[in-house]
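See structure below.
The values are calculated or read from the model by the stated rules, or taken from the named source; none is laboratory data. As the structure is a computational prediction, the values presented were derived from the model and not from experiment. Note: ideal-geometry Cβ built from the backbone for every residue, glycine included; neighbour counts use all protein chains shown.
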Amino acid sequence: MRWQVQEAKQRFSELIRSARADGPQVITRDGDDVAVVIDIAEFRRLTGDVVDFKDYLRAGPPFDDLDLSRPADYPRQLDRTDQA
């Protein structure tokens, strides 16, 4: 969708909602394209500003602080007599 600068200023909240819901919104001045409003997720994807998965994991709590213990109970017994 295209928005004239004045209209974009007056309806800024709607412009932002449209960028999130419908994709890039083009801003024009005197009929010329001058700017584009895009959703932040799209901006980050385009600029490569995405957190690397390893960095994401490293930013979490230290593994030593996590309780990774499992119950010592044995698994339940299965009745395998009704298998085909």
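What to note about this one:
- Residue tally, condition surrounded by 12 or more Cβ atoms within 10 Å (Cβ to Cβ) and either closer than 18 Å to Gln4 by Cβ or among the acidic types (Asp, Glu) (or both), over segment 19-33: 7
- Of all positions in segment 41-51, at least one carries a residue that is farther than 19 Å from Ala19 by Cα and at pLDDT 80 or above.
- Close pairs from segment 42-71: first under 30 Å from Pro24 (Cα atoms), partner outside any helix (DSSP H, G or I), Cβ under 6 Å, at least 6 apart: Arg44/Val50
- On the stretch given as segment 15-32, residues that are in contact (Cβ under 8 Å) with a residue 24 or more places away in the chain and among the charged types (D, E, K, R) total 1.
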